[in-house]
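Note sheet for the following structure.
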Amino acid sequence: MLYISRFRFIFLVPLLTLSGCATNPVTGNPDFVTITEQQEISIGATYHQRILEEQKILEDKELNDYVQKLGNEIARKSHRPNLKWTFTIIDSPIFNAFATPGGYVYMYRGMLNYFNSEAELVGVLGHEIGHITARHAVRGMSTAQVTNLLLGIIQANVPGSQLTSNAFSLLNVAINRGYGRSFELEADQLGAEYLLTNEYDPTAMTSFLEIMKQSDELEKVIAKSENREPNIGYHGIFSTHPDSKKRINALKDNSENIKKLKTNKEKFLKLLDGTNYGTSPEEGYLKDSTFYHPVFQIRFDVDDGWVFKNLPDRLELRKDKDLIIMMADDLLKDDLDNGLTPKEYLSKGIRQSGFLNNNELLEESVFSHNGLSGYTHLYKNTTPVDTYYKRYIIIFDTKTDAIKPKAWIANITMDNLDNDMSAKNMLISFKKMTQEEIDNSKGLKIKVIRFRDGMTYETLAKSSPLGKFAKEKLQLLNGHYPNKNPEIGDLIKIVE
């Protein structure tokens with residue numbers, strides 16, 4: 001048996017080597033890949049269907065058509081013009097873009113907000129196209145696949161049999177972690193080349209790399225003020241390497257058509273005018289320190305000092321070491337008709353959880369405000385190591401239209417009781433939106449204005465709904481963070 005295993009191992013290595021030789025479309029050099037172009041296209045198409053099922057795609061025909069057309073123009077002059085290229089905008093405030101094998105490029109709406117010219121957008125599209133033309137995902141997947149195969153001698157089959165079970169996990173790793181320093185630098189170089197090929201200023205790539213760097217710097221400042229870890233996002237973070245900037249500047253310096261190079265700044269900014277900023281209105285949004293959710297038709301105030309996060313399945317508010325998690329649970333009409341109250345709902349849930357075994361009930365009371373009935377419990381937990389407090393607040397919303405009645409559950413964990421009153425006050429402000437508020441509930445929008453005499457980021461920030469760090473956020477939005485300013489007559493973006 002040992003002899004057979006060794007024979008199988010020796011047989012597989014030359015087989016993989018012979019079947020894995022391919023010419024890289026960009027460099028023309030041999031690549032060791034275990035995935036054919038047809039398999040690559042098939043993986044990308046299948047993954048695309050999964051994205052369409054799991055992600056919300058932007059419903060803006062003008063913007064979608066624009067990005068698809070622009071992307072096609074760049075891809076047609078790339079190293080793989082014959083792929084069926086597809087460009088998709090995901091309706092999410094995330095600051096990111098990514099590419100999958102076979103010609104699929106994705107950009108989140110949140111990244112679109114931060115471009116300040118068509119050339120900057122083309123640079124990032126070119127960067128993602130570069131990942132595909134240089135087969136970065138396929139090369140990474142092939143390496144991982146062969147490594148797994150040789151370590152495990154999996155099923156004694158060639159890698160094609162592993163494609164279905166392994167391809168998506170390997171691809172997810174590449175998308176979520178990025179492609180590594182060398183691949184990111186190569187994608188930057190290709191993005192800049194594609195800019196120049198299409199007569200755009202390649203230094204627009206450098207401009208957007210600077211915005212990415214500024215975004216990280218501001219996030220670190222905000223995170224420090226909020227006593228949390230910074231959330232650094234875009235996979236192209238390797239691209240801030242100085243080698244990239246040098247190469248991109250060299251491309252422009254060596255161009256023979258410098259006078260013809262374009263940025264299309266005003267054209268692009270006018271297209272962004274009126275687009276969503278942050279979460280989509282139907283997902284709820286924070287404006288002027290008030291959270292609105294027009295689908296649930298509820299609103300509440302967020303006190304200063306609390307960091308608010310609107311997540312797909314819950315709302316989170318943090319202050320110091322304290323955390324509020326809010327979730328909604330459907331209520332049965334039959335239970336309500338038979339007299340279910342917030343007190344009974346809360347007491348039953350606590351009893352069933354085993355929570356009472358280690359926690360002392362300090363207080364319970366009615367928590368009914370703004371025409372909505374509710375109830376609250378406050379508990380103390382003492383251990384040999386420390387003491388913490390837990391408050392539960394249940395609010396019944398039975399005044400729903402077109403949706404099921406809801407029980408809003410606030411789970412409040414506190415290191416001490418210093419923030420208890422502030423937490424309760426935010427829940428006291430919980431109420432139904434008026435019909436006028438629902439009708440006018442359009443969320444936050446990008447508004448493009450002309451920078452006029454007397455304007456400053458300080459004055460614009462005073463009327464901004466962005467709250468704390470509004471000035472810095474507006475500067476970043478326009479590529480001016482931390483201390484640059486627009487010229488009189490320039491188009492800039494604000495949020496309203």
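Structure values in brief
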{"item": "Of residues in region 337-375 being closer than 25 Å to T400 by Cβ and of a type in the set (K, R), the one surrounded by the fewest Cβ atoms within 10 Å (Cβ to Cβ)", "result": "K348"}
{"item": "Some residue of region 343-350 being in a strand (DSSP E or B) and of a type in the set (K, R)", "result": "no"}
{"item": "Any hit, region 298-307, residues being surrounded by fewer than 17 Cβ atoms within 10 Å (Cβ to Cβ), at negative phi and basic (K, R)", "result": "no"}
{"item": "Residue count for region 394-418, restricted to those that are among the hydrophobic types (A, V, I, L, M, F, W, C), in a loop (DSSP other than H, G, I, E, B) and touching a residue at least 60 places away in the same chain (Cβ under 8 Å)", "result": "1"}
{"item": "Residues within region 64-84 that are crowded, with 22+ Cβ neighbours inside 10 Å and either within 27 Å of G284 (Cα to Cα) or touching a strand residue (DSSP E or B) at 6+ places or on another chain (Cβ under 7 Å) (or both), tallied", "result": "1"}
{"item": "Among the residues listed as G123, G130, G140, G110, the single one being assigned by TED's automatic domain parsing to the domain that holds R80, part of a helix (DSSP H, G or I) and either of a type in the set (A, V, I, L, M, F, W, C) or at pLDDT below 90 (or both)", "result": "G140"}
{"item": "Strands (runs of 3 or more DSSP E) contained in region 242-340 and holding at least 1 residues at pLDDT 95 or above", "result": "290-293, 298-301, 314-319, 322-330"}
{"item": "Yes/no for E363 being among the charged types (D, E, K, R), at pLDDT 95 or above and either touching a Ser or Thr at 6+ places or on another chain (Cβ under 9 Å) or within 17 Å of K424 (Cβ to Cβ) (or both)", "result": "yes"}
{"item": "Qualifying position, being assigned by TED's automatic domain parsing to the domain that holds D320, out of contact with any Leu (no Cβ under 7 Å at 6 or more places or on another chain) and over 21 Å from L346 (Cα atoms), among T376, T400, T387, T456", "result": "T387"}
{"item": "Members of region 351-393 found to be in a helix (DSSP H, G or I) and under 36 Å from the mean Cα position of the chain (by Cα), listed by number", "result": "S353, F355"}
{"item": "Hey, L150 surrounded by 15 or more Cβ atoms within 10 Å (Cβ to Cβ) and either at pLDDT 80 or above or farther than 28 Å from G467 by Cβ (or both) or not", "result": "no"}
{"item": "Residue among L378, L315 that is among the aliphatic types (A, V, I, L, M) and over 20 Å from P294 (Cα atoms)", "result": "L378"}
{"item": "Yes/no for M421 being assigned by TED's automatic domain parsing to the domain that holds L317, part of a helix (DSSP H, G or I) and either buried (at least 18 other Cβ atoms within 10 Å of the Cβ) or of a type in the set (G, A, S) (or both)", "result": "no"}
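The values are calculated or read from the model by the stated rules, or taken from the named source; none is laboratory data. No experiment lies behind these values; they were computed from the predicted model shown. Every residue, glycine as well, gets a Cβ built from its backbone with ideal geometry; the counts of neighbours run over all protein chains shown.
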